[in-house]
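Trainee: Structure incoming, see below.
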Amino acid sequence: MNTLRQDIPAGLVVFLVALPLCLGIAQASGLPPFAGLLTGVIGGLLVTALSPSRFAVSGPAAGLVTIVVASIETLGSFSAFLTALMLAGLLQCLFGVLRAGRFIALVPGSVIKGMLAAIGILLIIQQIPVALGAAGYAELMSLLNGEFAFSASAMLVAGVGLLILWFWTTPFIKSIKALSWIPGPLVAVLVGCLATVSGVAGLPRITLPAFDSMAALAAELETPDWLAWQNPAVWVVALTLALVASLETLLSQEALKKLRPQHPAPSPNKEMFAQGVGNLTAGLLGAMPITAVIVRSSVNVSVGAQSKVSILLHGVLLLICGLWFSELLNAIPLASLAAVLLYTGYKLATPRLLVEQMRMGAQQYVPFLATIGGIIVFGMLAGIGIGIATQILFSLYQSHRNALQLTRYDDHYVLRFQQNLTFMHNPKLQGLLAEIPENSVVIVDHDNAEYLDPDVKAVLQDFGENADKRGIRLSQWPVAVK
């Protein structure tokens, strides 16, 4: 109770940040805005209660919008998608029980950054039509075909929203304490609401139902298609959701450790189990995928939260808004939410990220670009697989390239084995041995190699058996020579 003075204001600020994001992410996914609020409520209350972290805020994530859109289109219905979401939740619970959280370290940083950049690019592509006046992402094709009806008022609201979001990151706003506490997305949405209230024409708005009874609330909830589990595509979507949602959650947890360390550190396995229960519940009630979200979590920390009370309060406020203030929220124009998501996409796919990867060399930027291209062309799961495969190939190449080294000192040649050697190193080994001239002394430094493949030993033995004929003397030769 001693922390309420800090937790109550923090919870209010987190709520103000989460509200436009919950609505916007649902709208961007082609789902009713209420689904976004419901996701925020489940993440804010249920997942928070089970999570080992005191500061991580869970809810709908912009990074999963592209997966939701593609999955619903593939499966043919939202109810089938909800079945996949329930299965994804079960898989996450299984990951937690099997302690799979430690495997996050196996995913290369270049692939993770490529995944986030690809999500940002796809988010921008999807929200451009909405910012230009469309009522949803589905009108993207009409924009490409030249049949799109532009809305000057929507473009103005979106443009002003983007300008506000940029302005809110400048040193001027940060220097004014009163303004720096007000979330930029909330200001952008409020300005859009003013345009709606002023009677500006041509502004599509969100539509939240009004609930006058529990029966009305129950009627709004979508139910899963219980027979959809027999469709193999549902399992592919479930696996994709489980992997990407777990990856985003654990990455958020790692980032949060740097902002506010906890002792002991929250268990990634318990966090995955909590997220799994949340997604299982979300699929059952007709909500969206849930992850821990670093944007809301970092806001929670920066405004001084001390316990889970701030996150639970934000969940309660989202619930109250959805149940009793729907008419007020219906004044929010879609263009304002599009501006928030466009800015979010830009931050995920900022050009500075590409420049940083390019400066780190081909071993970083090639897997980074392969991941982006793979996700955009083939989908999330395949794109991540392509990125990891590319990184493995580069690592194998570098490992193979540096495994053997031949150095000359007058007529002495030192052949160094930097690591264990397999048959794949034979071409390199044979090439180096061929460079050694007659009447030389060959010294082998194999202290770093604890294992030599039989094929490698055969190459060394063959060279050793012919060394006398060429006047080559061997020293510290790693295999016996007849």
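The values are calculated or read from the model by the stated rules, or taken from the named source; none is laboratory data. Everything numeric here is computed off the predicted structure, so don't read it as measured data. Virtual Cβ from ideal backbone geometry, glycine too; neighbours counted across all protein chains shown. When the accessible area is computed, the model is the full protein with side chains, heavy atoms only, and any ligands, DNA or RNA have been set aside. Shrake-Rupley method; radii C 1.70, N 1.55, O 1.52, S 1.80 Å.
Trainee: With n ≥ 4 as the cut-off for DSSP H runs, can you work out [θ] at 222 nm for the chain, using -39500 (n - 2.57) per run divided by the number of residues, rounded to the nearest 500?
Mentor: Here the helix-only value at 222 nm equals -20000 deg cm²/dmol.
Trainee: Here's a follow-up. What base-10 log of the normalised intensity I(q)/I(0) is obtained for the range 271-383 from the Debye formula, alpha carbons as equal point scatterers, at q = 0.11, 0.16, 0.17, 0.21 Å⁻¹?
Mentor: Debye curve over Cα of the range 271-383, log10 I(q)/I(0) at q = 0.11, 0.16, 0.17, 0.21 Å⁻¹: -0.63, -1.17, -1.24, -1.34.
Trainee: Counting each pair of different Cα atoms once, what's the Kirkwood radius of the range 154-254 in Å, rounded to one decimal?
Mentor: Here the Kirkwood hydrodynamic radius works out to 18.5 Å.
Trainee: Which of the GluC sites (Glu not before Pro) found in the range 381-465 are loop residues per DSSP with 15 or fewer other Cβ atoms within 10 Å of their Cβ?
Mentor: Glu435, Glu438, Glu450
Trainee: Still on this structure: Taking the Cα centre as origin and putting +1 on Lys and Arg beta-carbons and -1 on Asp and Glu beta-carbons, what dipole magnitude results for the chain, to the nearest 20 debye? Each step should come with its number before you reach the end.
Mentor: Numbers: 26 positive and 25 negative charges, 250 e Å.
In total the dipole reaches around 1200 debye.
Trainee: Mind listing the phi-derived Karplus ³J(HN,Hα) values for the range 354-368, rounded to whole Hz, using 6.51, -1.76 and 1.60 with θ = phi - 60°, and x for any glycine or proline?
Mentor: Per-residue couplings from phi come out as 4, 4, 4, 5, 5, 5, 7, x, 4, 5, 9, 7, 5, x, 4 Hz.
Trainee: Additional query: Principal axis lengths of the chain from Cα atoms, whole Å, largest first?
Mentor: Its Cα atoms span 97, 54, 51 Å along the three principal axes.
Trainee: Estimate the FRET efficiency between Lys174 and Trp324 by the formula 1/(1 + (r/R0)^6), using the beta-carbon distance for r and 30 Å for R0, to the nearest 0.05.
Mentor: Calculated value: 0.30.
Trainee: Counting other C-beta atoms within 10 Å, and keeping those with at most 15, which DSSP coil trypsin sites (Lys or Arg not before Pro) do you find in the range 52-110?
Mentor: Arg99
Trainee: Can you give the convex hull volume of the alpha carbon atoms of the range 343-406 per residue, in Å³?
Mentor: Numbers: hull volume 4.9 nm³, N = 64.
Spelled out: Cα convex hull of the range 343-406, divided by residues, is 77 Å³.
Trainee: Report Rg(Cα)/(2.2 N^0.38 Å) for the range 316-468, keeping two decimals. If you can, show how the numbers build up before the last one.
Mentor: Details: Rg = 28.2 Å, N = 153, 2.2 N^0.38 = 14.9 Å.
Taking the Cα Rg and dividing by 2.2 N^0.38 Å, one obtains 1.89.
Trainee: Another question, then. Need the list of aspartates and glutamates near Lys469 for cross-linking: C-alpha distance under 14 angstrom, and skip anything on the same chain fewer than eight residues off.
Mentor: The qualifying aspartates and glutamates are Glu438.
Trainee: Using Cα-Cα distances under 8 Å and only pairs 6 or more residues apart, what relative contact order does the chain have, in percent?
Mentor: That works out to 27 percent.
Trainee: List the extent of the Cα atoms of the range 257-333 along each of their three principal axes, largest first, rounded to whole Å.
Mentor: 44, 31, 22
Trainee: How long are the three semi-axes of the equivalent ellipsoid for the range 10-122, computed from the Cα gyration tensor as the root of 5 times each eigenvalue, in whole Å, largest first?
Mentor: 22, 20, 17
Trainee: For the range 256-296, compute the orientation-averaged projected area of the C-alpha convex hull (one quarter of its surface), in nm².
Mentor: Seen from a random direction, the Cα hull of the range 256-296 projects 3.4 nm² on average.
Trainee: Once you order the gyration tensor axes a ≥ b ≥ c over the Cα atoms, which shape class does the range 198-316 get: rounded for a/c under 1.5, otherwise prolate or oblate by comparing a/b with b/c?
Mentor: oblate
Trainee: Can you say what percent of the DSSP beta bridges in the range 333-482, counting only those with both residues inside, are antiparallel? Round to 5.
Mentor: Of those bridges, close to 40 percent are antiparallel.
Trainee: Compute the long axis of helix 65-75 from its Cα atoms, compare it with the longest principal axis of the Cα atoms of the chain, and write down the angle in degrees, 0 to 90, nearest 10.
Mentor: Here the helix axis deviates by roughly 90 degrees.
Trainee: In nm, what is the difference between 0.36 nm times the number of residues separating Gln430 and Ala218 and their Cα-Cα distance? Please report the intermediate quantities before stating the final value.
Mentor: Details: separation 212, 0.36 × 212 = 76.32 nm, distance 7.30 nm.
Extra length from Gln430 to Ala218 when fully extended: 69.0 nm.
Trainee: For the range 317-358, take N as its residue count and report Rg(C-alpha) divided by 2.2 N^0.38 Å.
Mentor: Against the empirical 2.2 N^0.38 Å value, I get 1.82 for the range 317-358.
Trainee: Let me ask you something else. For Leu317, Leu165, what's the largest-to-smallest order of accessible area, 1.4 Å probe?
Mentor: Working: Leu317 40, Leu165 10 Å².
Output order, biggest surface exposure first: Leu317, Leu165.
Trainee: Report the Cα centroid-to-centroid distance between the range 28-71 and the range 237-309 in angstrom, as an integer.
Mentor: The range 28-71 and the range 237-309 have Cα centres separated by 10 Å.
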